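Let me begin by presenting the structure, written as structure tokens, before commenting on it.
Read-outs throughout are calculated quantities, based only on the coordinates presented, and are distinct from any laboratory measurement. Since the structure is predicted, the reported quantities are computational estimates derived from the model, not experimental observations. We place every Cβ from the backbone using ideal geometry, glycine too, and count neighbours over all the protein chains shown.
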Amino acid sequence: MSDDELFDFWNAQKKVLQKSEPTLFPAEGEVWMAATGKNLGFEQDGSGDHFSRPVLIVKKFNNQMFWAAPLSAKQKQFDFYYNCVDTAGRKISVILAQLRLVSVKRCKRNMYLFSAVDFEEVKRRLRTFLD
């Protein structure tokens with residue numbers, strides 16, 4: 001599919017998500033599969049028919065919205081990537097620079113609870129970006 005077709009397909013998916021009523025309530029420190037979409041430039045896209053990718057729930061504001069950071073299977077040596085290992089022993093990265101506000105309507109399924117030690121380090125590193 002061309003980029004134009006992908007954006008049109010994602011737009012149709014967003015309309016379905018917008019009409020949905022959320023029944024899932026993520027918690028801080030959990031990793032969820034979320035419909036992150038077809039995005040612009042170098043923003044992390046979701047994949048598959050639902051444009052989904054795993055995200056780490058960083059800060060929950062209420063039952064409707066939270067900050068989430070996308071995860072990647074590619075580890076890179078940049079200060080805005082936090083490299084670690086998930087609960088299944090796979091190498092992953094939290095892409096700290098792509099923290100974003102996310103609606104609970106994007107959440108598809110809970111995948112696992114992030115390591116408490118790694119979660120505290122992710123939050124510490126995010127704080128350094130604000131200074």
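A few remarks follow.
- Relative to the longest principal axis of the Cα atoms of the chain, the long axis of helix 3-19 lies at roughly 90 degrees.
- Charge dipole of the chain (Cα centre as origin; +1 on each Lys and Arg Cβ, -1 on each Asp and Glu Cβ, all else neutral): 280 debye, rounded to the nearest 20.
- Residues in the range 77-96 that a label on Thr128 would reach, taking backbone N under 17 Å of a point 7 Å out along Cα→Cβ: 77-84, 93-96
- One chain, two ends: Asn11 and Lys74. Fully extended at 0.36 nm per residue, the span grows by 20.0 nm beyond their Cα-Cα distance.
- Within a Gaussian network of the chain (alpha carbon springs, distance under 10 Å), most fluctuating of Val117, Val58, Val102: Val117
- With coordinates expressed along the principal axes, the C-alpha atoms belonging to the range 74-131 extend over 32, 28, 21 Å, beginning with the largest.
- When the Gaussian network model of the chain links Cα atoms closer than 10 Å, the mean-square fluctuations of Ala27, Ala35, Ala12 top out at Ala12.
- Cα convex hull of the range 3-130 - mean projected area over all directions, nm²: 7.9
- Annotation: the residues Lys74, Lys60, sorted from fewest to most other C-beta atoms within 10 Å of their own C-beta, follow the order Lys74, Lys60.
- With the simple spin-label model, which puts each label point 7 Å out from Cα in the Cβ direction, the Asn83 to Asn62 separation comes to 4.1 nm.
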